[in-house]
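The values are calculated or read from the model by the stated rules, or taken from the named source; none is laboratory data. Since this is a predicted model, take the numbers as computed values, not measurements. All Cβ positions, glycine included, derive from the backbone under ideal geometry; neighbour counts span all protein chains shown. For accessibility, only protein heavy atoms count, side chains too; no ligands or nucleic acids. Shrake-Rupley method; radii C 1.70, N 1.55, O 1.52, S 1.80 Å.
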Amino acid sequence: FLSVNAKPWAKIKVGKAKPKDTPHRMPLFEGDYTIRFECPDGHTIKRSATIKPGQTTPIVVNCDTE
C-alpha cells in the first residue's frame, strides 16, 4: 500500500489513476512510483516511492513550505 498525506491538503496523482484528495491510502503493485501532489496554491511537488509486498509506504509533504 501507499499512504499519502499533505499539509494542509493536496490532490495526488499516481500514474494514470484519477486524482485523489489527501489523505489517501491505495493498494499498488510492487515497484517504483512517482507521486505528484498538486497543492492548493497550484504548485506541484513530486516524490518517489518504492512499494514492497506486505508493507505500507508513507509519503507526507507540506504544501506550505515546499
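Across the chain, Cα-Cα distances exceeding 19 Å account for 24% of all pairs.
Count the net charge of all other residues whose Cβ sits under 12 Å from the Cβ of residue 47, scoring Lys and Arg as +1 and Asp and Glu as -1.
Values: positive: 13, 36, 46; negative: 32, 66.
Charge balance in the 12 Å sphere: +1.
Of the solvent-accessible surface of the chain, computed with a 1.4 Å probe and all protein chains present, 52% belongs to carbon and sulfur. For the pair residue 47 and residue 20 in one chain, pulling the backbone fully straight at 0.36 nm per residue adds 8.2 nm over the alpha carbon distance. Counted residue by residue at 0.36 nm each, then reduced by the alpha carbon distance between them, the extension gain from residue 60 to residue 36 reaches 7.5 nm.
Taken per residue, the accessible surface of the chain reaches 67 Å², heavy atoms only and a 1.4 Å probe. Out of the DSSP beta bridges found with both residues in the chain, what percent are antiparallel (nearest 5)? Taking every DSSP beta bridge within the chain, about 75 percent pair in antiparallel fashion.
Pairs of Lys residues in the chain that lie 8 or more places apart, or on two chains, and have C-alpha atoms under 18 angstrom apart add up to 8.
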